[in-house]
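Readers should treat all values here as calculations from the given coordinates under stated rules, not as data from a laboratory. As the structure is a computational prediction, the values presented were derived from the model and not from experiment. Cβ atoms come from the backbone with ideal geometry, glycine included; neighbour counts cover every protein chain shown.
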């Protein structure tokens with residue numbers, strides 16, 4: 001689409017385009033899942049010898065399809081996901097969190113993955129079966145979820161040994177305005193227990209495409225959405241007094257430095 005056409009559309013028809021494209025994308029989530037993906041999930045649940053791996057692959061393909069559709073519908077937006085991100089394996093990935101898109105974007109990038117999911121989602125019928133079968137981890141140990149958390153942690157060595165990644169948003173919830181929120185210790189405790197490297201990623205501009213607190217996608221966004229690998233940390237897990245607080249401070253400094261660079265580039 002030519003720049004003049006984009007400007008004309010954004011000046012006069014943006015609300016209508018935002019609404020139509022948003023409805024198409026959410027139709028993919030609902031009708032697309034029911035009509036095209038649910039039979040494969042059911043087959044994986046009933047017959048797969050590796051249910052967790054099958055569910056993770058299906059989640060990966062489902063969300064990969066979503067982002068392919070999003071790129072077609074919002075063609076002005078540019079995407080940059082470098083190979084050094086896509087090639088990450090057997091690591092604990094920590095990442096900033098600025099949009100609802102961030103978690104599903106991570107799933108679309110890594111076929112073998114686990115993540116921490118808010119415990120309330122484990123109470124939703126059908127959705128609970130999907131996230132539990134996918135090997136995802138509850139955020140809190142409420143009631144019966146404590147046994148599930150213990151089981152998941154005990155399985156981590158095997159999961160990482162098979163090349164899987166655990167991705168976590170240590171801020172816990174989306175930050176408004178891009179500022180780095182308080183970090184949760186849970187991600188770093190899992191890294192220490194699993195004795196795995198920590199990869200620090202930074203997501204840019206997903207909040208410009210799908211803004212926090214809004215229902216509609218911003219179809220006139222013309223910037224670049226990117227996921228950057230900003231650091232790899234290999235803690236000395238043999239050290240008895242390895243400081244979780246020190247790891248948190250190191251990661252927070254990296255995220256804040258990247259955020260400052262991003263803001264400086266926007267001001268130029």
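Brief remarks on what is shown
- Percent antiparallel among DSSP beta bridges (both partners in the chain, rounded to 5): 30 percent
- Label point distance in nm, residue 87-residue 266, each placed 7 Å from Cα along Cα→Cβ: 3.1 nm
- The mean sequence separation of alpha-carbon pairs under 8 Å and at least six residues apart, normalised by the residue count of the chain, gives a relative contact order of 25 percent.
- Comparing Cα centroids, region 16-43 and region 219-261 end up 33 angstrom apart.
- Of the beta bridges in region 106-242, as assigned by DSSP with both residues counted there, near 60 percent are antiparallel.
- Between 30, 22, 219, the Gaussian network model of the chain with springs among Cα atoms under 10 angstrom shows the greatest mean-square fluctuation at 30.
- Residue separation of residue 243 and residue 142 scaled by 0.36 nm, minus their Cα-Cα distance, works out to 33.7 nm of gained length.
- Residues 41, 28, 237 arranged by fewest to most Cβ contacts within 10 Å: 237, 28, 41
- Counting only DSSP H runs of at least 4 residues, each contributing -39500 (n - 2.57), and dividing by the residue count of the chain, the helix-based mean residue ellipticity at 222 nm comes to -15000 deg cm²/dmol.
- Sites residue 45 and residue 118, calculated FRET efficiency, Cβ-Cβ separation with R0 25 Å, nearest 0.05: 0.65
- Matching label, log10 I(q)/I(0) by the Debye sum over Cα atoms at q = 0.09, 0.13, 0.16 Å⁻¹ computed from the structure shown, candidates (1) -0.39, -0.86, -1.36; (2) -0.44, -0.92, -1.35; (3) -0.34, -0.75, -1.20: (2)
- A simple spin-label model places pseudo-atoms 7 Å from Cα toward Cβ; at residue 29 and residue 127 they are separated by 0.9 nm.
- When the Gaussian network model of the chain links Cα atoms closer than 10 Å, the mean-square fluctuations of 198, 230, 93 top out at 230.
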